[in-house]
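**Q** Attaching a single structure in structure tokens format; questions to follow.
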Amino acid sequence: MGRIDYAKLIEDILIQHSENDNKNSTEIQIIFDRERHHYQVLNIGWKEQKRVYGVIIHVDLKQDKIWIQRDGTEIGIANQLIAAGVPKQDIVLGFYAPYKRSLTDFAVG
């Protein structure tokens, strides 16, 4: 069995999270920078008179590791990656401070 194509896997997972939030009348956008390996899901729009703009998911590929910079999902991107066969030592929880990463089962960086 060959190595998992991390870029393709990340894109597939983010596409699953890209359905528009019709109840809040907001748009979900996915952004893939395939050259520099940055991947995001954004929430954009208006809720009543208030502007909605925020990053739901931000994942980077750095030195053969998957860096989760932001995860605003209930299921957890790390859980989805593990279920797809990615070993924990290839996943960095970038939203944790470096000293906290060593307290997890995931890669430090």
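**Q** Report the residue count in the stretch 98-109 for those that are part of a loop (DSSP other than H, G, I, E, B) and either hydroxyl-bearing (Ser, Thr, Tyr) or in contact (Cβ under 8 Å) with a residue 40 or more places away in the chain (or both). Don't jump to the end; show me each part of the working.
**A** Taking the stretch 98-109 and keeping what is part of a loop (DSSP other than H, G, I, E, B), we get 102-106, 108-109.
From what is left, the residues that are either hydroxyl-bearing (Ser, Thr, Tyr) or in contact (Cβ under 8 Å) with a residue 40 or more places away in the chain (or both) are 102, 104, 109.
Selection size over the stretch 98-109: 3.
**Q** Mind listing whichever residues of the stretch 64-97 are at pLDDT 95 or above and either assigned to a helix (DSSP H, G or I) or of a type in the set (S, T, N, Q) (or both)?
**A** Selection gives Gln69, Ile77, Ala78, Asn79, Gln80, Leu81, Ile82, Ala83, Lys88, Gln89, Asp90.
**Q** Ile57: crowded, with 16+ Cβ neighbours inside 10 Å, β-branched (Val, Ile, Thr) and under 18 Å from Ala7 (Cα atoms), yes or no?
**A** Details: crowded, with 16+ Cβ neighbours inside 10 Å: yes; β-branched (Val, Ile, Thr): yes; under 18 Å from Ala7 (Cα atoms): yes.
So Ile57 passes the test.
**Q** When both residues are 6+ apart or on different chains and their Cβ atoms are under 7 Å apart, which pairs have a first residue that lies in the stretch 57-79 and is without any contact (Cβ under 8 Å) to a residue 40 or more places away in the chain, and a second that is part of a strand (DSSP E or B) and aromatic (Phe, Trp, Tyr)?
**A** Cβ pairs passing all conditions: Asp60/Trp67.
**Q** Has the stretch 19-30 got at least one residue that is in a loop (DSSP other than H, G, I, E, B) and under 16 Å from Phe106 (Cα atoms)?
**A** No, the stretch 19-30 contains no residue that is in a loop (DSSP other than H, G, I, E, B) and under 16 Å from Phe106 (Cα atoms).
**Q** Let me ask you something else. Surrounded by 13 or more Cβ atoms within 10 Å (Cβ to Cβ) and touching a helix residue (DSSP H, G or I) at 6+ places or on another chain (Cβ under 7 Å): which single residue out of Ile91, Ile10 fits that description? Can you show your working first?
**A** Numbers: Ile10 fails: touching a helix residue (DSSP H, G or I) at 6+ places or on another chain (Cβ under 7 Å).
Unique residue meeting the criteria: Ile91.
**Q** Among the listed residues Val108, Val52, identify the single one that is over 20 Å from Gln16 (Cβ atoms), touching a Pro at 6+ places or on another chain (Cβ under 9 Å) and at pLDDT below 95. Break it down into steps so the answer makes sense when it comes.
**A** Numbers: Val52 fails: touching a Pro at 6+ places or on another chain (Cβ under 9 Å).
Going through Val108, Val52 in turn, the sole match is Val108.
The values are calculated or read from the model by the stated rules, or taken from the named source; none is laboratory data. Please read these numbers as outputs of a predicted model, since none were measured by experiment. Note that each Cβ is placed from the backbone with ideal geometry, even for glycine, and that neighbours are counted across all protein chains shown.
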